[in-house]
Every structure is written in C-alpha cells, then in structure tokens.
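The values are calculated or read from the model by the stated rules, or taken from the named source; none is laboratory data. Values in this document were obtained by computation on a predicted structure and should not be read as measured data. Glycine gets a Cβ as well: all are built from the backbone with ideal geometry, and neighbour counts include every protein chain shown. Heavy atoms of the whole protein, side chains included, go into the accessibility calculation; ligands, DNA and RNA do not. Shrake-Rupley method; radii C 1.70, N 1.55, O 1.52, S 1.80 Å.
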Number of protein chains: 2
Amino acid sequence: MHYFYSSLADPDQFILLDEEAAHAHVLRLKPGDTIYILNGVGYKYQCIIDRLDKKQVMGKVVARVLIEKPKPNVTIALSPTKSIERYEWFLEKGTELGVQSFIPVMTQKSERRQINLKRLNKIILSAFKQSGRGWLPSLQALIPYEKFIQTCNSEYKLIAHASGTGFREFAFKPDTQMTICIGPEGDFTDHELDFALQHDFQKISLGDYRLRTETAGVVVAALLANN
Amino acid sequence: MHYFYSSLADPDQFILLDEEAAHAHVLRLKPGDTIYILNGVGYKYQCIIDRLDKKQVMGKVVARVLIEKPKPNVTIALSPTKSIERYEWFLEKGTELGVQSFIPVMTQKSERRQINLKRLNKIILSAFKQSGRGWLPSLQALIPYEKFIQTCNSEYKLIAHASGTGFREFAFKPDTQMTICIGPEGDFTDHELDFALQHDFQKISLGDYRLRTETAGVVVAALLANN
C-alpha cells in the first residue's frame, strides 16, 4: 500500500506535487494504479492515478474514510539529545506509535541548544506515511523549560522522575489529553522538578532502571499506544 | 557512575583488560577512583582503582550486590531487518529494557541473510553497561524459522500477528519465561503462521496499526519491562 500526504482542495480529484510527486516517480507508479492519500487530519483517500510525470501526479478520488484520532491524545516534551540521531528515532517511533505532539524543551542540562525543524518534520512525515495513521503529529519549536511548564494546559500534566509513582494507571485513561515531560541526559535539576510540581505536574516513574532519554520517550509512547 | 564488564576470578581483586581497560583510559580515570564492574550474571562490584595504564586496570573490590534478574524472562525472536541499523537499535533498546535473549530468525520474507555477530554483541554489551542492569542478554546465531519454532521450549510461546488477541494480559505474568516471535517486513507467510500455531504458539496482536518490525520488538520489550 502506497501512502502519500496532501490536503485535498477538491473532494473528487487530487494533485500531488514536489516531493510527493517525486516519491510516486521513484515507486514507478503508472496511470491506473491505486494510491492512498492521507490529509494529516484524519482522512484517508483511495485514489486512482490518471496521469503523472516527475513534477506532478493527478487523478480521481474513489473513496474516503475517516481514521479515528489516537487515544489518549499524547504530547511528549523531551529535551533534544546531544546526538540528534537519537532524537530523530524518538520522533520516528513516537509518530508510529500515535504521539500527537512533540515539544523540544531546553532544560538546564540540555546539551543541544538548536535543532533543524525542517529535517525533523521530514522524519515525522515519513514515519506518519509509513504507519498509515491518519493524524500527522505536530512538532513545536524549541522552548525554554520554564516557559513550557508555565504554558502547558493539558488535562494531565506528568513529569518523569525516578522518585515518582508507577506509570501504568495513566495508560488506562483513553479519553484524555496528557503531556509527559521527560528529562535530559543528566536529568532535571532539583529546581526544575520543583518548578514543575508547583505548576500542577505529577511525578511518574518509568521503572527502576536508567533509560536513555529517548528510550524513555518511546516507552511512554508504547505504553500509551497499547490501551 | 562508570560501569565496566568483566567476570571476576578473585572475589577481592579485579583486572580489566583490552577494550574495558581502553575505556577506562578514555574516561581519564585515576588511582583511587571508584568504578563498578558488572559480571553479566547478576553481580555488581564496587571497586577502587589501584593502578592503571592503557592495557590494564587493577584494583580492589570493596562491595558487591546481586541485582535481581529481569521479570518476566523475555526472549525476542526477530528477523534481521534490511537496514542493519534498525536491528542494532532494537538490540540496544531491548537490552536497556531488560530483554534476556535475542534470536535472529530467518523467515521466508527476511531480506537480510547474514549478520555480524561480533558487532551486534558489542552493541548489546555497550547498552548493558549503560543501563546498569546486571544480566547481560544473549544473542544467538541466525537460525531458520522452522528450526526455531520446533526447538523453542518456553513456558509461553507467542507470535505477533494482526489477527491475534491483545497483548496486555501477558505483560502481567512476571514469573514466567516467554518467547515472542515477531515477523519480518512483509510479515510471515500463511504457512509460517500455521507452522507456529501447530507448535503451540499463541497469536498476539500489538495493536491496529502497522509497526515497523523493529518498533514492534521495542514495544514488546517496553510493555513487559513495565510490570
């Protein structure tokens, strides 16, 4: 099954341009072939190609289905790792597992102070198409930790810390919106942890062993995806 | 905390050689520094360095603790992925999450027919030390699928397939030994699935969405690690 990403202006026809058209070309698709287009906000369109070249693909929409939004609605706030490859795979796996929003936060011990949003969004888009999920996650710009804590307005606000209580209970609350903040390599400072608790965050623990920061992110996503 | 790996012949003294000694050198450790040595089968030794050069590190053991074995005892049988990097990170994350044994199986649709065991064992060892877990997982040689199915003698024998039932119930059986077999990119053939069912494997599902094979492996590890 070949998935593409495009918002459709017309409910009966489609056009793919730029990288999506190039991708169709790489796959050697032909007129008459069936493809699926995801619009990123829930709809999957079954389409037939009429004509195509390297720059555009055009055709008809023959059916559409609305894909259910992942439940619970999960936001993961994770500090970018020193090795960006590790952050990239966290984004890839998180997307596959249905995380709806990623917030890169800059904590005191964060070793990386800048990220390439364009590249990271490309990784998310690719994982989104690969998974066949209908909802494209959002990726926010880097935000200082304090500002993130002050502005978070989720129903459940959680912060991962070894001193917290077990996580499983939160994995059984499908109809909620939750944000989980995970510390950097070297963890939060005491001040940062206190600051979160003062702003109604609850501490949760991900187990007794030290996990790499990006592993913790994927564990959270895996636990919440398997309700 | 600096972790090293070595089996100790003498309960009161230690010697690190080869790569472990080179690692101590890279960390610029000095006489008098404290290190921790994991022997891979449960013991963590607190040690003080007496003397060291690039080739060896020697010193005294001052304390030891026995680390509990991960529960349940999990074996994951996963076909090597076309991109070996994806398999490598599955091994890294699986080790961090406490998987005790990895079996690379060759199924009909497996695209990769050989692996570099030495390199993969190095990745497992590195993740093992990083995590501070006391039990070094084993990695078996590539085995044909049918042979794996015929010789598996776990208490619970599971095979991941979309047609299976939910996985969560197995995540609450800490005192068991279980093997989970996960399909390759392109999944098992019907014949392979039937063959497993004939040999007392139970089908389990990892959810409604298609996951990359290595993501499925990490999801299984994450769910079982968080009892």
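Taking A:Leu27 as the residue in question, decide whether it is hydrophobic (A, V, I, L, M, F, W, C), assigned by TED's automatic domain parsing to the domain that holds A:Cys152 and either touching a residue at least 24 places away in the same chain (Cβ under 8 Å) or open to solvent by 10 Å² or more (accessible area, probe 1.4 Å) (or both). So A:Leu27 fails the test. Take A:Leu197 and decide whether it is out of contact with any helix residue (DSSP H, G or I) (no Cβ under 6 Å at 6 or more places or on another chain), farther than 30 Å from A:Ile35 by Cα, part of a helix (DSSP H, G or I) and open to solvent by 10 Å² or more (accessible area, probe 1.4 Å). So A:Leu197 fits the description; yes. Output yes when any residue across the range A:87-103 is within 22 Å of A:Tyr3 (Cα to Cα), away from chain B (no Cβ under 14 Å) and touching a residue at least 12 places away in the same chain (Cβ under 8 Å), and no when none is. Taking every residue of the range A:87-103 in turn, at least one turns out to be within 22 Å of A:Tyr3 (Cα to Cα), away from chain B (no Cβ under 14 Å) and touching a residue at least 12 places away in the same chain (Cβ under 8 Å). Taking the criterion of being surrounded by fewer than 19 Cβ atoms within 10 Å (Cβ to Cβ) and touching a residue at least 40 places away in the same chain (Cβ under 8 Å), the residues of the range A:104-121 that qualify are A:Gln108, A:Lys109, A:Glu111.
Evaluation of A:Ser110 against the conditions (1) within 12 Å of the chain's Cα centre (by Cα); (2) more than 14 Å from every other protein chain (Cβ to nearest Cβ); (3) small (Gly, Ala, Ser) shows that the sole unmet condition is (1).
Restricting the range A:179-227 to residues that are within 9 Å of chain B (Cβ to nearest Cβ), more than 22 Å from A:Ile84 (Cβ to Cβ) and in contact with a Gly (Cβ under 7 Å, 6 or more places away or on another chain) leaves a set whose member that is modelled with the lowest pLDDT is A:Asn226. The condition of being open to solvent by 70 Å² or more (accessible area, probe 1.4 Å), modelled with pLDDT of 95 or more and among the polar types (S, T, N, Q) holds for B:Gln150. For the range B:137-150, the condition of being farther than 28 Å from B:Leu125 by Cα and assigned to a helix (DSSP H, G or I) holds for at least one residue. Only one of the numbered conditions (1) at pLDDT below 95; (2) away from chain B (no Cβ under 14 Å); (3) surrounded by fewer than 17 Cβ atoms within 10 Å (Cβ to Cβ) is not met by A:Thr165, and that is (2).
Checked against the criteria, B:Glu111 does not count as at pLDDT 95 or above and charged (D, E, K, R). Listed residues B:Lys55, B:Lys60, B:Lys71; which is of a type in the set (D, E, K, R) and either at pLDDT 95 or above or touching a His at 6+ places or on another chain (Cβ under 8 Å) (or both)? Sole residue among the options that is of a type in the set (D, E, K, R) and either at pLDDT 95 or above or touching a His at 6+ places or on another chain (Cβ under 8 Å) (or both): B:Lys60.
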